[in-house]
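Accompanying notes for the structure given below.
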Number of protein chains: 2
Amino acid sequence: MAKTDEKSGCLQTLKFTDEFYMGLAMYLASLAANIGEVPVGAVVVHRTKGVVGTGINRREILKNALYHAEIEAIDSSCKTLGGWRLFECDLYVTLEPCPMCAGAIINSRIRRVIFGAYDVKGGACSSVMSMFDMPFNHKPVLSPYILGDKCSAQLSEFFKALRKTKKRRRRYIPPTE
Amino acid sequence: MAKTDEKSGCLQTLKFTDEFYMGLAMYLASLAANIGEVPVGAVVVHRTKGVVGTGINRREILKNALYHAEIEAIDSSCKTLGGWRLFECDLYVTLEPCPMCAGAIINSRIRRVIFGAYDVKGGACSSVMSMFDMPFNHKPVLSPYILGDKCSAQLSEFFKALRKTKKRRRRYIPPTE
């Protein structure tokens, strides 16, 4: 990402693209997978301040319906910036936000939402419904399917491994003498 | 609420109606008003265990877009019951839930939602949209406008008082010598 300027020998300004931040969200998602959660990661990026909040899915471990990656990222961003309006902030998340998270994005006035894989059964940004087209008081810009294939593959691999583990558990192992 | 049985002299079983729990939510809303927040209160009631979670609006004080009364009530209920599925639980709230809170209600599998006043500009349960009619994986039963007049009056009074305070602040007071 960083290139050295030939004349001065200094590092040039880093170019942080949507793909870079989505990669960061995917790394966070892999941390969620490591603790047995569905791999979803989220990053909130301020226009000038950079990353101001991160989050991973922790619903099963913390036994709480609210602990989605986006909610954790918005929560930590509000704490970092010291206010509930996340002006000039973009949210990167590996999976299409559910209605709760889409609502939280509207409430926190996030400027742009960039997501990876589509959630066909529960997505509220284009799959089941388009929350941001409804006449609420804030309309974030939507950039869908950034690194979508990779995010989908990450989720598929997790569920494949989960099914394997469950099958192994179900199989009868005769007692050894 | 409690009546004494004439024969035995014992207290009869208490009758906890929707109006009773909405009254409790209104009391919590008044606590929010006392700390300068928009008066919204919420109560989660389990079928057999009674009140398992309560919440008040604290968005301004905690400077966080997520701290709505319903979210606080669902959060505390998950902690009380030790799981993210709030089966056999009903949520009472003095104002129609916003999209974030309606999404959280779907995610936590709440059985029934009882709200007071309509939120014409931001309500996601019938005013701006009907979240529970969308094809998500859970559909709570909706009971709107329970003690609606009283909940509306509570909100109107708060905003009336707020406007008065602002006017008083704006008025020029000449310096005394």
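Structure notes:
- Percentage relative contact order, chain A, counting C-alpha pairs under 8 Å, at least six apart: 16 percent
- Average partner coverage of B:104-113, which counts Cβ from other chains inside 10 Å: 4
- Between copies, B:Met134 shows label-point distances of 0.5 nm, shortest first, with the point placed 7 angstrom from Cα along Cα to C-beta.
- For the protein assembly as shown, radius of gyration divided by Kirkwood radius, i.e. Rg to Rh on alpha-carbons: 1.07
- When you filter the GluC sites (Glu not before Pro) in region B:35-128 for DSSP loop state and at most 16 other Cβ atoms inside 10 Å of their Cβ, you are left with B:Glu60, B:Glu88.
- Fraction of alpha-carbon pairs over 23 Å apart in region A:57-177 - percent: 40 percent
- Placing a label point 7 Å from the Cα of B:Thr176 along the Cα-to-Cβ direction, the distances to the matching points in the other copies come to 9.2 nm, shortest first.
- For B:Pro144, the shell of other residues with beta-carbons less than 12 Å away shows a net charge of -2, using +1 for Lys and Arg and -1 for Asp and Glu.
- Within chain A, the longest run free of exposed loop sites, counting trypsin sites (Lys or Arg not before Pro) that sit outside DSSP helix and strand states (H, G, I, E, B) and have at most 13 other Cβ atoms within 10 Å, spans A:50-120.
- Three principal axis extents of region B:86-125 based on alpha-carbon atoms, in descending order, are 30, 17, 10 Å.
- Rounded to whole Hz, the Karplus (6.51, -1.76, 1.60) HN-Hα couplings of region B:22-30, x for glycine and proline: 5, x, 5, 4, 5, 5, 5, 4, 5
- One Cα centroid belongs to region A:113-177, the other to region A:54-86; the line between them spans 18 Å.
FYI, it's all coordinate maths here, none of it is from the lab. All figures in this text were calculated on a predicted structure; none of them were measured in a lab. FYI the Cβ positions are ideal-geometry reconstructions off the backbone, even for glycines, and counts take in every protein chain you see.
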